[in-house]
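See below for the structure under consideration.
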Amino acid sequence: MLTNKQLEKYADVLIWALQKTRCSKFKEGDIVRVSYHISALPLVEIIHKKLLELRFNPALRARTTSVIERNFFDIANDSQLVFLEPGFKELVNNLNGSIYIISPESLTHLKGVDTEKINKSANALRSIRQILDKREDEGKFGWTLCTVPTQALADHAGLTLEEYTDQVVKACFLDKKDPIEEWQSIFDKSNTVKNWLNKMDIDILHIQSENIDLEIKVGEKRKWVGVSGYNIPSFEIFLSPDWSGTRGVYYADRPSYLFGNRVEGLKVEFLKGDVIEISAEDGDDFIKKITCMDDGAKRVGEFSLTDKRFSRIDKFMADVLFDENFGGDFGNCHIALGDSYSAAFDGDPKKLTSAKKKKLGFNESALHWDIVNSEKKTVTAKLKDGTKVIIYDDGKFKN
């Protein structure tokens, strides 16, 4: 497990990351929620102390255990599935920051649960996410996310707990004297890449690998974003494209876990922006049902690339936070089925209304599911003047 010294460094990095995510600075008295699994308590205690020292007001919220979550979906009736406890919306309407700490005791405890129940509950929580999205667009809210190693994560990744922990330490620079200095360096390098991409007038992205032949339309008023503090670790540079211009085949060679279900060997075919065929070697029945959550669940909300020169992650981690930032030999790309990010809007996010999102092709959904491919690939940008430029090859951006 993580040592006390590593936990101290982790807490410092997370608070640095949180402060990076707001366009307006945090101030004394701001409310910062810490959402966590019970096994992450040693890190929570350190973060809580540091937040108090910064004169923030911590609001601690323990996440449900796997038993509680399974009981909820097995037993809850329709009204209980959409129930939001009194005071929850009031808290969310006043939050200035959130630190989400993932440390699960199980990854597959919801296997076999009625997906209609999962869909109903997820749609009920969508109103909460919309509040936070609005506050974020107004510069009133920022957030970051991290993972603390558990035996369940290690087991599903095929690693020992020590090996898993070593990957977390390495990925987050907790083995360095000053991790924040390392993150600031990555932050600066990624800005160079983003500036290069954002100066191009890209119309279409063509992604090709052994099992992928996919075209994605960038869309109007878009910008590349990423490495902004929202996730630790985070090395991805991404955008939210115009969903309607997606066509071709995408394949996820990395397994993923969604709502307590394992999905592996996922193949998705798009036509005119919509999924027309989806299948998986493992979890096929589940993914066919979960992508019926709403209309947007069968459309692309994100396209992302990770440069292997940035990321030190070189093993499968059974955790999308790490797997979508995989470096390895060829970096990775991922798409997300479902909701898009308003941060990728090249304009004032406060003016990105639901009507404007629809017009520009920003997808909306209660789902956001990242599916990762780590094969050797080439990404070619077709510019609006017809010029073709390779922007990514052999795991690296070509700037």
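Here is how the numbers come out for the structure above:
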{"read-out": "Order by protection proxy (mean Cβ within 10 Å, highest first), peptides 344-355, 135-146", "value": "135-146, 344-355"}
{"read-out": "R0 of 35 Å, Cβ-Cβ distance Val389-Lys25: FRET efficiency to nearest 0.05", "value": "0.40"}
{"read-out": "Phi to ³J(HN,Hα) by Karplus 6.51 cos²θ - 1.76 cosθ + 1.60 over segment 329-337, Hz, x for Gly, Pro", "value": "7, 10, x, 7, 10, 8, 10, 10, 7"}
{"read-out": "Cβ crowding within 10 Å averaged over residues, with 105-112, 124-131 ranked highest first", "value": "105-112, 124-131"}
{"read-out": "For segment 199-397: rounded, prolate or oblate by the Cα gyration tensor [a/c cutoff 1.5]", "value": "rounded"}
{"read-out": "Calculated [θ] (222 nm, deg cm²/dmol) that DSSP helices of n ≥ 4 give over the chain, each run adding -39,500 (n - 2.57)", "value": "-9500 deg cm²/dmol"}
{"read-out": "Hydrodynamic radius (Kirkwood) for the chain, which is based on Cα pairs only, to one decimal in Å", "value": "21.5"}
{"read-out": "Stretchable slack from Glu45 to Lys223, in nm (0.36 nm times residue separation minus alpha-carbon distance)", "value": "60.3 nm"}
{"read-out": "At R0 = 35 Å, FRET efficiency that the Cβ-Cβ distance of Thr3 and Ala59 yields, to 0.05", "value": "0.80"}
{"read-out": "Computed P(r) (all Cα pairs; segment 260-371; 5 Å bins; percent)", "value": "2, 11, 18, 21, 18, 15, 10, 4, 0"}
{"read-out": "Residues Glu163 and Glu281, FRET efficiency given R0 of 30 Å [Cβ-Cβ distance, rounded to 0.05]", "value": "0.70"}
{"read-out": "Listed pairs Lys267/Lys289; Lys221/Lys384; Lys25/Lys356; Lys267/Lys398; Lys117/Lys289 exceeding 19 Å between Cα atoms", "value": "Lys25/Lys356; Lys267/Lys398"}
{"read-out": "Antiparallel DSSP beta bridges within the chain, percent to nearest 5", "value": "75"}
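Throughout, read-outs are computed from the coordinates displayed, never taken from laboratory work. Every value quoted in this text rests on a predicted model; they were computed, and no experiment measured them. Glycine gets a Cβ as well: all are built from the backbone with ideal geometry, and neighbour counts include every protein chain shown.
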